[in-house]
1. Identify all residues within the stretch 211-221 that are over 22 Å from the mean Cα position of the chain (by Cα), modelled with pLDDT under 95 and either surrounded by 14 or more Cβ atoms within 10 Å (Cβ to Cβ) or more than 19 Å from residue 307 (Cβ to Cβ) (or both); write none if there are none.
2. Residues in the stretch 158-181: is at least one outside the structural domain of residue 326 (by TED's automatic domain parsing), modelled with pLDDT under 90 and touching a strand residue (DSSP E or B) at 6+ places or on another chain (Cβ under 6 Å)?
3. State whether one or more residues within the stretch 268-282 are over 23 Å from residue 195 (Cβ atoms) and part of a loop (DSSP other than H, G, I, E, B).
4. Kindly evaluate residue 228 against the criterion of being surrounded by fewer than 20 Cβ atoms within 10 Å (Cβ to Cβ) and in contact with a strand residue (DSSP E or B) (Cβ under 6 Å, 6 or more places away or on another chain).
5. Filter the stretch 69-85 down to the residues that are in contact with a strand residue (DSSP E or B) (Cβ under 7 Å, 6 or more places away or on another chain), modelled with pLDDT under 95 and part of a loop (DSSP other than H, G, I, E, B), then identify the one that is nearest to residue 103 (Cα to Cα).
6. Please count how many residues of the stretch 254-296 are without any contact (Cβ under 8 Å) to a residue 12 or more places away in the chain and under 22 Å from residue 20 (Cα atoms).
7. Go through the stretch 268-289 and give me each residue that's out of contact with any strand residue (DSSP E or B) (no Cβ under 9 Å at 6 or more places or on another chain) and surrounded by fewer than 24 Cβ atoms within 10 Å (Cβ to Cβ).
8. Can you pull out the residues in the stretch 319-331 that are loosely packed, with under 15 Cβ neighbours inside 10 Å and touching a residue at least 60 places away in the same chain (Cβ under 8 Å)?
């Protein structure tokens, strides 16, 4: 038998951002492949007192143990990582399953150990969490990571003995029609968390760029060049996007991708890239981003060092060049919308 763990938790903020979309899509894909659900009910611990948080570290363990009893030798167990509700004791649970002969497959969405953080900036809590997270991964029979650069980083962090699989890009399930305006002369698109703390570059964009913004948290005002289009559920968003290219950028400045979020792009697959491509939009991405090679090699957009390069690159681009990129997105869009990449990774 094949099973997948689903940790039930709801955050209203997730309804208009893509934070939960990748997880939901992964569950839909494995369910389509015949995996059976194992439901783990978890609370939102953000309002818990410290003693209660510590208590829950212990309390969640028997919940996992009880629900995993049905998984036996020769079965496959699909788990999404990180766990919604972390516990330092979960490696013991996974170890027990592995010793029973269960084949554990983990899909990594995020891993603090991979983030481009200076050691001096890590708290004791971060280091303890990283230690037990890494220990959890080591009980997996197969770990699916974002791309080859993340695989390299994992090996450098001591996970070289694991079977590491390259996902290539996250899928984006949707049946929303592609109905928005497209064209080389249409505005660029930025979708996602628009808060200054996350996307500081939005507040120092070149004045000659026209941008359509989709998502919550924008702290600026609409101008002649900046249109605030609103926030939509992830499933509907592909049918709402209007513009020429989707921008994949992160960090505090438009000059380069910097800071914690910007540097993370060097090994991370931003889910917004999948959104843009599933929406039939070519992409403009930071040249040092892990996904830049995938975008350029497949003719799905262009890579730049700085957002200030964009006006010049667009002026030198012909309508024919742009239309070829749009055509290339059609094939990849169909794959992303049907879970092609996760299905492929699960077979490897």
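The values are calculated or read from the model by the stated rules, or taken from the named source; none is laboratory data. In this text the structure is predicted, and so the values were computed from the model without any measurement. Using ideal geometry, Cβ is built from the backbone for each residue, glycine included, and neighbour counts are taken over all protein chains shown.
1. Within the stretch 211-221, 221 is the sole residue that qualifies.
2. Taking every residue of the stretch 158-181 in turn, at least one turns out to be outside the structural domain of residue 326 (by TED's automatic domain parsing), modelled with pLDDT under 90 and touching a strand residue (DSSP E or B) at 6+ places or on another chain (Cβ under 6 Å).
3. The answer is yes; a qualifying residue exists.
4. yes
5. Per the stated criteria, the residue is 83.
6. So the count comes out to 0.
7. 271 - this is the single residue of the stretch 268-289 that is out of contact with any strand residue (DSSP E or B) (no Cβ under 9 Å at 6 or more places or on another chain) and surrounded by fewer than 24 Cβ atoms within 10 Å (Cβ to Cβ).
8. 319
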